[in-house]
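Before any comments, here is the structure.
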Amino acid sequence: MFKDTISWLNIIILFLFLPISCVTCLSFSFTSFGPSNYHINYQGDASPLDSVNKLTPNLRIQRGPSTYVEVEPMHLWEKASGNLVDFTTNLSFSIDAQNNASHAVGLAFFIAPAQYTMPGEKQGSGIGLASGNNSIKSPPVAVEFDAYYNQRDNVDGDHVGIDMNSLKSSRSQKWYRRVMDRRIIDVRISYNSSSNNLCVYFAAVVSENIIVEQKLPIFCNEIDLRIHLPEWVTIGFSAASGLPSVFDTIHSWSFASSFQCSYQKITTDLSPPPPVMPVPRSLRQDKDKRVQVVVTMITFLTGACVLVLVARLYRHRTSISSFIVQSEDNEFERVTGAKKIPYNVLIRATNNFNEKLGEGGFGVVYKAYLKDSGIYVAVKRISESSTQGISEYKAEVMILSQLRHRNLVQLIGWCHEKKEILLVYEYMPNRSLDFHLFNTESLLKWGQRYKIARGLAYGLQYLHEGWRQCVLHRDIKSSNVMLDLEFNPMLGDFGLARLVDHNARSQTLLGGSHGYIAPECLQTGKSSKESDVFSFGVVALEIACGRKPFVVRDDGIQMHIVKWVWEFYTNGKLLKAADQKLQGQFTRKEMKCLMIVGLWCAHPYSSSRPSMAKAIKVLNFDIELPKLESKFPGQVNVLKGVNSNRRLPVSKYLWKLLGLKQCHGTGVG
């Protein structure tokens, strides 16, 4: 009855609020420019000419910066919810230096505060975004296409860069000005609010005479726009030149953004509105009557739904608490190990949830001290309103409290009172593995790293083979590996864990985190022991290389860490991929072993991955290292043996990152 009520209420809530949900925040497409485009505000020397926007004058008017911007501000992020916009903009532009290449400063796409005022300096510096001293008041975020070298630049020569807080690019890539001169270049700039990645795509210039289409970004830069910009911003272009004869021309420009906001006005079309035809009076009266009837019906139905909703909420105001207490309490108490801890005890132990240790997908973790036991513990507080949080809570109590292994985090207790859901774990003073791998203030020595890798392998072997049922963790990643006082690894966060029979294969739905999910899971939508092994392989490579799952190479190309390390293996330079922060202070035999085991476990084909028992034997040097393919095995059918009729859609972008081809049927991809 409880689940039926919740489902029914969800439908009512969806019905009531769906009409006011906004998705598209700003969208337009300009293929030509002229006086009719009243949405564009031109400043300085910018003006429409011959159906294009020339940002620098073709007549001797003024020297220096000139810009045009979109006149209506854009809602970049929402303070109430913290929601941040996703956007993509495409533009075609050209730079005509009129044979005065040394004076072609360049142009920039910028996002600035809504009331941003362009600098008035009449000189060709700062790409139109700053005065001569290169200072910026309330600086915009910009993507610059710079054709002039300044001392502030961190790239010697012409480059594309992302600017934050200053005109010194935080990330840049070299480009060839001669190819850009007078040629129309297509550029795409996108921002992903989930990863906070601002990415730049454009035609890749292999040499001064060869241009190829770049399907992956030339580089991305992680930036939280909420930190650098206010809620409302304006977008546009700026340009500057050292001579008045330099033309920076925008040939076309499109922009699209979206996010879930609560009240923002929607702008989906920037074309001039069509003329309104007069309506006969009789038709207007009939229309008004119909509108009144419709409005009355909608008001009545909405009011009825609200009354029913309020009545059911009142009747079941304690449904969640009673449901958990009545059904879960009895089941939990039959499980040995973890015990129920009263809510008031945890309030005192956490000092009213005062000391925050961290935050995950399902709740916030606090430090606490249990006086009766005389031990420090970590208390995870899960929101009652989260259905996924309740599911995680039940999974952790029912599974983790029954497991006992030196490399698994121990669940000490649980609590569901006062509309609160709490889990109590043993306290890990050295935090999580990812903190030490990717934090410049902390450095794990090689001996500690190899011990962590072996301990994690033992813990995973126990889950797969050492208990009466096979436990699929489904979310193995470096942030879920906790470290005790002696830096022993403890695998935690069993919210996505599932129990399966030991002889079962791929019987549970897909789970996991981006970068740690095995390729076959993206095809079948199922998890297995082999997919857990893949995740372990990724973590092993993180430990050895000090890199996150997605690596940005020196040339700006992003790829998965498995393929990145495999390139070193192919070239016979495997140890070159070792974490540079170690400065060569590691045992070469162990480093090579850990990297090869990592590649072996994260093999693109699930059938080629070892069991954790075999991986442990290699890590202990009980058996020889496996012989892997000399080249990354990503150009053949990874779905061999999988029923193609049961395949699920796969993101082409994820497959591209892994260097794998999407295959059709059972043939070679």
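I want the local charge near M595. Using Cβ-Cβ distances under 13 Å, sum +1 for each Lys or Arg and -1 for each Asp or Glu among the other residues.
Details: positive: R449, R547, K573, K576, R588, K589, K592; negative: E542, E567, D579, E590.
Net charge in that neighbourhood comes out at +3.
Express the C-alpha Rg of segment 379-484 as a ratio against the empirical globular expectation 2.2 N^0.38 Å, rounded to two decimals.
1.18
Beta carbons within 10 angstrom, averaged per residue: use that to sort the peptides 370-379, 543-552, highest first.
543-552, 370-379
Once you have the Kirkwood Rh of segment 433-658 from its Cα pairs, apply Stokes-Einstein at 10 °C and 1.306 mPa s and quote D in µm²/s.
90
Using Cα pairs closer than 8 Å and at least 6 residues apart in sequence, work out the relative contact order for segment 416-532, in percent.
Relative contact order, segment 416-532: 25 percent.
State whether segment 401-456 is rounded, prolate or oblate according to the following rule on the C-alpha gyration tensor (a ≥ b ≥ c being the square roots of its eigenvalues): a/c under 1.5 gives rounded; otherwise a/b larger than b/c gives prolate, and the remaining case gives oblate.
Numbers: a/c = 4.35, a/b = 1.82, b/c = 2.39.
Oblate, because a/c is 1.5 or more while a/b does not exceed b/c.
What trypsin sites (Lys or Arg not before Pro) does segment 403-483 have in DSSP loop regions with at most 16 other beta carbons within 10 Å?
Here the trypsin sites (Lys or Arg not before Pro) that fit, given the DSSP loop and packing criteria, are R404, R406, K418, K419, R431, K445, R468.
Return the subset of K573/K631; K380/K529; K356/K380; K477/K576 for which the Cα-Cα distance in this structure is over 18 Å, preserving the input order. Working shown, then result.
Values: K573/K631 13 Å; K380/K529 27 Å; K356/K380 10 Å; K477/K576 24 Å.
The pairs that break the limit, which is 18 Å between Cα atoms, are K380/K529; K477/K576.
So what is the relative contact order for segment 433-658, in percent, with contacts set as C-alpha pairs under 8 Å and at least six apart?
It rounds to 21 percent for segment 433-658.
Provide the net charge surrounding V565, with neighbours chosen by a C-beta distance below 14 Å and charges set as Lys +1, Arg +1, Asp -1, Glu -1.
The answer is +4.
Treat the count of other C-beta atoms within 10 Å as a stand-in for reagent exposure and order D434, D475, D96 from fewest to most.
D434, D96, D475
Just how large is the dipole of segment 433-658 about the Cα centre, in debye to the nearest 20, putting +1 at every Lys and Arg Cβ and -1 at every Asp and Glu Cβ? It would help to have the intermediate numbers written out before the result.
Numbers: 31 positive and 20 negative charges, 124 e Å.
It works out to roughly 600 debye.
Distance between the C-alpha centers of segment 580-616 and segment 439-504? Whole Å please.
After rounding, the separation between the Cα centres reads 15 Å.
Highest mean first, how do 595-601, 183-189 rank when packing is the count of other Cβ atoms within 10 Å averaged over residues? Write down the numbers at each step before the final one.
On the way: 595-601: 23.9, 183-189: 15.7.
Ranking, from highest mean packing down: 595-601, 183-189.
Bear in mind these aren't lab numbers, they're just calculated from the coordinates by the rules spelled out. Just so you know, these numbers come straight off a predicted model, no measurement behind them. Quick reminder, even Gly has a Cβ in these numbers, built from the backbone with ideal geometry, and neighbours come from all protein chains shown.
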